[in-house]
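Report on one structure; see the data block that follows.
The values are calculated or read from the model by the stated rules, or taken from the named source; none is laboratory data. Note that this is a predicted model, so its numbers are computed, not measured. Note: ideal-geometry Cβ built from the backbone for every residue, glycine included; neighbour counts use all protein chains shown.
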Amino acid sequence: MLYRLTVTTSTKNQYENLSPILTVLNKSARSCRAHRKYLRQEVLPPLRDVSRPPEKGSTLRNQLCRLLTTPVTSIRDLVAEFLFILCKEKVGRMVKYTGFGNAAGHLAQKGLLAGGRGNVEYSSSSEDSDTEEYLEAQPHIDPVVGCTRPPRINPFEGMTEEQKEYEAMKLVNLFDKMVSKGVVKPARVGADGRPQPVEHVLEMREHPPNRPQS
């Protein structure tokens, strides 16, 4: 599988090269606990170095995460479902190994943007066993990109409350102009766990987004 992923460097032959093997892996991982456990150990071993985004690197996990954003939608969906199965359909675990940005499309399709898990029940054995390196880095991990980020200076440091409110309203007005001109189409997570468009940017303040829960 690693060889097949490595030689498929362009989108031209992705479907022909990867669709058969990904289909078999999906069925195998879903139907057999032993197969799923083995595949998880090979594809999603315990995390150690989280200084780089999940899609950067040459491991199976890295290459599969890159395919989560491929324009070949059939391959993207097969890869996302395969990783989701290996994560026992737990949103928190999927985000941990792929980053929320890479997984968001698949989670939106399943109505799981607000967190939770899929409908399939899996055995409770073989839970995550985090390494010391991961536990040490965990407080500094940005879940959106799936890796640590260097500390950033607070741009509001030293400002009064009035100055902060002024800058915040400038940002709201700028964003509202972009929405009214159709430059961006904001959405919030609805009750069904899927994106729902908002008519005005202030609706996003009334319904702040929830972080996915495991």
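Could you tell me whether F100 is surrounded by 10 or more Cβ atoms within 10 Å (Cβ to Cβ), farther than 15 Å from P54 by Cβ and among the aromatic types (F, W, Y)? It is false that F100 is surrounded by 10 or more Cβ atoms within 10 Å (Cβ to Cβ), farther than 15 Å from P54 by Cβ and among the aromatic types (F, W, Y). Among the numbered conditions (1) farther than 22 Å from D192 by Cβ; (2) modelled with pLDDT under 95, the only one that G118 does not meet is (1).
Among residues of the stretch 138-178 being modelled with pLDDT of 95 or more and in contact with a strand residue (DSSP E or B) (Cβ under 6 Å, 6 or more places away or on another chain), the one that is surrounded by the fewest Cβ atoms within 10 Å (Cβ to Cβ) is T148. Among residues of the stretch 183-194 that are under 16 Å from A104 (Cα atoms) and not assigned by TED's automatic domain parsing to the domain that holds N173, none has a beta-carbon under 9 Å from a residue that is basic (K, R) and at pLDDT 80 or above at least six positions away or on a different chain. Of the residues screened, G115 is one that is farther than 23 Å from D49 by Cβ and touching a Pro at 6+ places or on another chain (Cβ under 9 Å). Listed by position, the helices (runs of 4 or more DSSP H) enclosed by the stretch 18-89 that each have at least 2 residues that are within 21 Å of Q109 (Cα to Cα) are 60-67, 73-86.
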